[in-house]
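Asker: First the structure, then my questions, so here it is.
The values are calculated or read from the model by the stated rules, or taken from the named source; none is laboratory data. Every value quoted in this text rests on a predicted model; they were computed, and no experiment measured them. Positions of Cβ are backbone-derived with ideal geometry, glycine not excepted, and every protein chain shown enters the neighbour counts.
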Amino acid sequence: MESIQVDIFGQTYNLKGGADSEYIRELAAFVNARMREVQKGMGTSEGYRIAILTALNIADELHRLRAQHDELRTTAASSLDRIIEIAAPEK
């Protein structure tokens, strides 16, 4: 496994993972940007508080996107069932 060095919120991390190194760098940049946004909104530089609030924000976004995904999946399945029903020849 390759070690990848990334910087997040002023800290350097050496990460090892099976994922593409560019993908890991993108994730680190995403987390770093989110932490900077939270820092601006809070007006503090306490890293652990910013990290926790950032994690909560990202978790909220993930939760909402999963719910939206489930709703879209249900809608698509229902629409497909109606199309099949309409297209099926009557017996």
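Asker: Only one of (1) among the hydroxyl-bearing types (S, T, Y); (2) touching a helix residue (DSSP H, G or I) at 6+ places or on another chain (Cβ under 7 Å); (3) modelled with pLDDT under 95 is not met by S21, so which one is it?
Answerer: Of (1) among the hydroxyl-bearing types (S, T, Y); (2) touching a helix residue (DSSP H, G or I) at 6+ places or on another chain (Cβ under 7 Å); (3) modelled with pLDDT under 95, only one is false for S21: (2).
Asker: Another question, then. Please work out which one of (1) under 15 Å from I8 (Cβ atoms); (2) assigned to a helix (DSSP H, G or I); (3) not charged (D, E, K, R) is the condition S45 fails and give its number.
Answerer: With (1) under 15 Å from I8 (Cβ atoms); (2) assigned to a helix (DSSP H, G or I); (3) not charged (D, E, K, R) applied to S45, the lone miss is (2).
Asker: Pairs, please: C-beta under 6 Å, at least 6 apart or cross-chain, first residue in contact (Cβ under 8 Å) with a residue 40 or more places away in the chain and in segment 42-69, second among the aliphatic types (A, V, I, L, M)?
Answerer: Pairs found: I50/M35; I50/V38.
Asker: A77: within 30 Å of D7 (Cβ to Cβ) and assigned to a helix (DSSP H, G or I), yes or no? Walk me through it before giving the result.
Answerer: Values: within 30 Å of D7 (Cβ to Cβ): no; assigned to a helix (DSSP H, G or I): yes.
So A77 does not fit the description; no.
Asker: I've got another one for you. For D7, are the conditions met, namely being modelled with pLDDT of 95 or more and assigned to a strand (DSSP E or B)? It would help to see each step written out before you state the result.
Answerer: On the way: modelled with pLDDT of 95 or more: yes; assigned to a strand (DSSP E or B): yes.
Against the criterion (modelled with pLDDT of 95 or more and assigned to a strand (DSSP E or B)), D7 qualifies.
Asker: Quick one: which residue in T44, T54 is surrounded by 10 or more Cβ atoms within 10 Å (Cβ to Cβ), touching a Lys or Arg at 6+ places or on another chain (Cβ under 8 Å) and of a type in the set (S, T, Y)? Outline the logic, then answer.
Answerer: Details: T44 fails: touching a Lys or Arg at 6+ places or on another chain (Cβ under 8 Å).
Matching residue, one of T44, T54: T54.
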